[in-house]
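The values are calculated or read from the model by the stated rules, or taken from the named source; none is laboratory data. No experiment lies behind these values; they were computed from the predicted model shown. FYI the Cβ positions are ideal-geometry reconstructions off the backbone, even for glycines, and counts take in every protein chain you see.
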Amino acid sequence: MSHTFAIQYDDIASAHQRIAQFVHATPVLTSSLADQQTGAHLYFKCENFQGSGAFKFRGACNALLQLTDSQKARGVVTFSSGNHAQAIAKAAHLFHIRAVIVMPNDAPAMKVAATKAYGGEVIFYDRYSENREAIGQRLADEQGLSLIPPYDHPHVMAGQGSSVKELIDEVGALDYLFVPLGGGGLLSGSAVAAKYLSPTCKVIGVEPEAGNDGQRSFQSGKIVHIETPKTIADGAQTQHLGQHTFPVIQTFVDDIVTVSDQQLVETMRFFASRMKIVVEPTGCLGAAYAMSGELNLKERKVGVLVSGGNIDLNKFSQLMLDA
Ligand SMILES: *Cc1c(COP(=O)(O)O)cnc(C)c1O
């Protein structure tokens, strides 16, 4: 049965081995305040400390390392609202591969600058009117580049799953796992890893309220497409789940829930003031729900995937002042 899915646990285990020497084994942090508030034992897996500032470096390394020599020689192209772009640019630089990145013209300045600093060639598009997938495909066709999409690719999904493998290897079996959800690369990999290593763990995907296409897809059994949602969680402004990620999510994920932008800001504040860490809005999705009190987590052992920390300091200060 599992052969019908884009990835299985073995793919995650081999991804982890393949990328281990290039990625950070990120720290797992705890907070007595968060535990007090929820009555649970929360384990925050901090991918904001990952290379390039988000878990996406895992999937990028895993995908690039599996290209053939001739594919590596021609280069890669991708489209991304930011963190996947930075991850591909950094990994491509590391492996001496040319990288062309299609980015929205309203992407956070810091993400654009970082992508260029890693040597990525940036091409802009308008996220509200143009189709980034079509632009990426055209560049791939015209220039012989390999297209590495941000989530809907088995090698990307397997790489992303390596974070939860590390988490469970370190802290043991979990009762719950909360994971930020955009297009589902992270959630699908995380769910496969969690259900294999900790079969009774409930895996919950968390989306921004303004863009609950994943929740609607999960409930209806069909991939729901939406307009680009307006939310501060720029890493989760995806319009739909993927052909590869959706079946995995449907099978291995227990629920998909949402949080508001206001909850994300409060969670950023909590991370900064209490745990002394900078987490971007999208990175707060799982934590915001786990700490919301909506689900009774008393006495439960809970994994929270903190997915990234890339945010302009100006934007960060502005959000902290408004809260
Ligand atoms: C991309 C991203 C997500 C969403 O990941 P998907 O694989 O698209 O679901 C969550 N958090 C951060 C920080 C991201 O960069």
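Every residue, every condition in (1) more than 13 Å from the ligand (Cβ to nearest atom); (2) assigned to a helix (DSSP H, G or I); (3) touching a residue at least 60 places away in the same chain (Cβ under 8 Å), yes or no:
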position	(1), (2), (3)
45	no, no, yes
52	no, yes, yes
58	no, yes, yes
66	yes, no, yes
77	yes, no, yes
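Could you list, in sequence order, all residues of region 249-280 that are touching a strand residue (DSSP E or B) at 6+ places or on another chain (Cβ under 8 Å) and of a type in the set (A, V, I, L, M, F, W, C)?
Of everything in region 249-280, those that are touching a strand residue (DSSP E or B) at 6+ places or on another chain (Cβ under 8 Å) and of a type in the set (A, V, I, L, M, F, W, C) turn out to be 249, 252, 253, 256, 257, 259, 264, 271, 275, 277, 279.
Considering 273, 260, which residue is without any contact (Cβ under 8 Å) to a residue 60 or more places away in the chain, within 23 Å of residue 228 (Cα to Cα) and surrounded by fewer than 18 Cβ atoms within 10 Å (Cβ to Cβ)?
260
Can you tell me which of (1) in a helix (DSSP H, G or I); (2) farther than 30 Å from residue 109 by Cα; (3) out of contact with any Phe, Trp or Tyr (no Cβ under 8 Å at 6 or more places or on another chain) is the one residue 34 doesn't meet?
(3)
Can you find a residue that is at pLDDT 95 or above, under 24 Å from residue 106 (Cβ atoms) and acidic (Asp, Glu) anywhere in region 262-285?
Yes, the conditions are met somewhere in region 262-285.
Could you check region 251-263 and list, in sequence order, the residues that are part of a helix (DSSP H, G or I) and either charged (D, E, K, R) or touching a Ser or Thr at 6+ places or on another chain (Cβ under 8 Å) (or both)?
Once the filter is applied, which keeps residues that are part of a helix (DSSP H, G or I) and either charged (D, E, K, R) or touching a Ser or Thr at 6+ places or on another chain (Cβ under 8 Å) (or both), region 251-263 yields 252, 261, 263.
If you scan region 290-323, which residues turn out to be over 16 Å from the mean Cα position of the chain (by Cα) and within 16 Å of the ligand (Cβ to nearest atom)?
Listed by number, the residues that qualify are 290, 312, 315, 316, 319.
Out of the residues in region 234-256 that are at pLDDT 95 or above and touching a Leu at 6+ places or on another chain (Cβ under 8 Å), which is nearest to the ligand (Cβ to nearest atom)?
Step by step, filter region 234-256, then rank; the result is 245.
For region 208-216, state whether one or more residues are surrounded by 21 or more Cβ atoms within 10 Å (Cβ to Cβ) and in contact with a strand residue (DSSP E or B) (Cβ under 6 Å, 6 or more places away or on another chain).
yes
Considering only region 139-158, how many residues are β-branched (Val, Ile, Thr) and within 11 Å of the ligand (Cβ to nearest atom)?
1
Looking at 13, 40, 85, 92, can you tell me which residue is touching a helix residue (DSSP H, G or I) at 6+ places or on another chain (Cβ under 8 Å), at pLDDT 95 or above and surrounded by 24 or more Cβ atoms within 10 Å (Cβ to Cβ)?
Going through 13, 40, 85, 92 in turn, the sole match is 92.
Looking at (1) out of contact with any strand residue (DSSP E or B) (no Cβ under 8 Å at 6 or more places or on another chain); (2) surrounded by fewer than 24 Cβ atoms within 10 Å (Cβ to Cβ); (3) under 25 Å from residue 168 (Cβ atoms), which one does residue 245 not meet, given that it meets all the others?
(2)
Those residues that are farther than 21 Å from residue 153 by Cα and of a type outside the set (Ser, Thr, Tyr), I need them from region 128-140; list them, please.
130
Given the conditions (1) polar (S, T, N, Q); (2) more than 16 Å from the ligand (Cβ to nearest atom); (3) within 18 Å of the chain's Cα centre (by Cα), which single one is not true for residue 105?
Every condition holds for residue 105 apart from (3).
Looking only at region 283-302, count how many residues are part of a helix (DSSP H, G or I) and under 17 Å from residue 164 (Cβ atoms).
Within region 283-302, residues that are part of a helix (DSSP H, G or I) and under 17 Å from residue 164 (Cβ atoms) number 6.
Quick one: which residue in 158, 89, 60, 117 is of a type in the set (Gly, Ala, Ser) and in contact with a Phe, Trp or Tyr (Cβ under 8 Å, 6 or more places away or on another chain)?
It is 89.
Could you tell me whether region 159-176 includes any residue that is more than 16 Å from the ligand (Cβ to nearest atom), surrounded by fewer than 21 Cβ atoms within 10 Å (Cβ to Cβ) and over 20 Å from residue 47 (Cα atoms)?
Yes, region 159-176 contains a residue that is more than 16 Å from the ligand (Cβ to nearest atom), surrounded by fewer than 21 Cβ atoms within 10 Å (Cβ to Cβ) and over 20 Å from residue 47 (Cα atoms).
Is it true that residue 246 is farther than 19 Å from residue 283 by Cβ and not in a loop (DSSP other than H, G, I, E, B)?
Judged against the criteria, residue 246 is a match.
Would you point out which residue out of 222, 195 is part of a helix (DSSP H, G or I), more than 22 Å from residue 127 (Cα to Cα), away from the ligand (no atom under 13 Å from the Cβ) and among the charged types (D, E, K, R)?
On inspection, the qualifying residue turns out to be 195.
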